[in-house]
Amino acid sequence: MAADAYFPVTGPECTILERATVEQMRERLVAGGLATEAEVDRHLANIDAGGLDFATSPMISSWGRRPGTDPGP
């Protein structure tokens, strides 16, 4: 068995993902009382201003077989 991990610390892809996530969740955030429309707009403006660094969750990959299992043909 083995595993590998990729940790995107920051980069343009993280910023794009943050903006897309906030835009997709906007209605739920406001409807749930977690943010106001003004707060969401302010966050999106801060993203566009470029002064923030975003990171995403790490991607973990693993592979292998359990000991004693038949790999098949």
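The values are calculated or read from the model by the stated rules, or taken from the named source; none is laboratory data. Since the model is a prediction, treat every value here as computed from it, not as a measurement. FYI the Cβ positions are ideal-geometry reconstructions off the backbone, even for glycines, and counts take in every protein chain you see. Remember, those area values only see protein heavy atoms, side chains included, never the ligands or the DNA or RNA. Shrake-Rupley method; radii C 1.70, N 1.55, O 1.52, S 1.80 Å.
Screening GLY51 on (1) part of a loop (DSSP other than H, G, I, E, B); (2) under 30 Å from MET1 (Cα atoms) shows it passes everything except condition (2). Scanning the range 1-24 for residues that are loosely packed, with under 10 Cβ neighbours inside 10 Å and hydroxyl-bearing (Ser, Thr, Tyr) yields a count of 1.
For VAL22, state whether it is in a helix (DSSP H, G or I) and among the β-branched types (Val, Ile, Thr).
When the stated conditions are applied, VAL22 passes them.
Taken over the range 42-63, the residue count meeting the criterion of being modelled with pLDDT under 85 and small (Gly, Ala, Ser) is 2.
Kindly provide the set of residues from the range 1-48 that are within 30 Å of ARG65 (Cβ to Cβ) and in contact with a Phe, Trp or Tyr (Cβ under 8 Å, 6 or more places away or on another chain), ordered by number. MET1, ALA2, ALA3 - these are the residues of the range 1-48 that are within 30 Å of ARG65 (Cβ to Cβ) and in contact with a Phe, Trp or Tyr (Cβ under 8 Å, 6 or more places away or on another chain). Cβ-Cβ contacts under 7 Å between residues 6 or more apart (or on different chains), taken from a first residue in the range 6-34 that is under 14 Å from GLY50 (Cβ atoms) to a second residue that is open to solvent by 60 Å² or more (accessible area, probe 1.4 Å) and assigned to a loop (DSSP other than H, G, I, E, B), are listed as THR10/ASP53; THR10/ALA55; CYS14/ALA55.
Just one of the listed residues (GLU27, GLU39) is surrounded by 12 or more Cβ atoms within 10 Å (Cβ to Cβ), at pLDDT 90 or above, acidic (Asp, Glu) and assigned to a helix (DSSP H, G or I), namely GLU39.
May I ask you to list the residues in the range 51-73 that are of a type outside the set (S, T, N, Q), open to solvent by less than 60 Å² (accessible area, probe 1.4 Å) and without any contact (Cβ under 8 Å) to a residue 60 or more places away in the chain? Full working, then the answer.
Going through the range 51-73, the residues of a type outside the set (S, T, N, Q) turn out to be 51-55, 58-60, 63-68, 70-73.
Okay, now just the ones that are also open to solvent by less than 60 Å² (accessible area, probe 1.4 Å), so 54, 64, 72.
Answer for the range 51-73, where residues must be of a type outside the set (S, T, N, Q), open to solvent by less than 60 Å² (accessible area, probe 1.4 Å) and without any contact (Cβ under 8 Å) to a residue 60 or more places away in the chain: PHE54, GLY72.
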